[in-house]
Amino acid sequence: MEEGRFTIPARIYLTEKERAKLEFLLESADRSLDELLTELVAAHLAGQPEPPPPPDDADAARAEELRRRRAELRRLRPKLNDPHNPPPPWLVALAAELEAEIGRLEREGRDT
């Protein structure tokens, strides 16, 4: 196999008639099934748009920070909304800070 290539195990579902046609095609062209499939898939992919680049480390860190802040806010919500025990002012302030930080991180994510 050429350097930089890898195999993908797959199943192909054909009728008996389609299988006979495929076997005839492969025999007459003196090719193997993997060669034919590789050529077909490569030709199909050549006409497709490039996938988006993977997120960089800053995006991943921001996403993780956003996830942690949202989880913390979810943990605090029951204490903020308890009708029998009003939350202390410091807890209300902490929740407001978390909401502001979540908003900032979401805006940064949209701006990049």
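Any read-out appearing in this document is the output of simple, stated calculations on the displayed coordinates, not a laboratory observation. Everything quoted here is computed from the prediction, not taken from an experiment. Positions of Cβ are generated from backbone atoms using ideal geometry, with glycine treated the same way; all protein chains shown enter the neighbour counts.
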Q: Return the distance in nm (one decimal) between the two label points of a simple spin-label model at ARG67 and HIS44, each offset 7 Å from Cα along Cα→Cβ.
A: 3.2
Q) For the stretch 57-111, what is the convex hull volume of the alpha-carbon atoms per residue, in Å³? A) 60
Q) Could you give the Stokes-Einstein D for the chain in µm² per second, using the C-alpha Kirkwood radius, 37 °C, 0.692 mPa s? A) 163
Q | the stretch 1-51, dipole about Cα centre (Lys/Arg Cβ +1, Asp/Glu Cβ -1), debye to the nearest 20 | A | 260
Q. Cα axis of helix 16-29 to longest principal axis of the chain: angle in degrees, 0 to 90, nearest 10?
A. 70
Q | Unit charges at the beta carbon, dipole of the chain: most positive-side option, ALA43, VAL92, PHE6 | A | VAL92
Q.
Using only Cα atoms and rounding to the nearest 10 degrees, what angle (0 to 90) does helix 57-80 make with the longest principal axis of the chain?
A. 50
Q: Evaluate the charge dipole of the chain about its Cα centre and quote only its size in Debye, nearest 20, assuming +1 on the Cβ of each Lys and Arg and -1 on the Cβ of each Asp and Glu.
A: 920
Q.
Tell me the relative contact order for the chain as a rounded percent, counting alpha carbon contacts under 8 Å between residues six or more apart.
A. 21
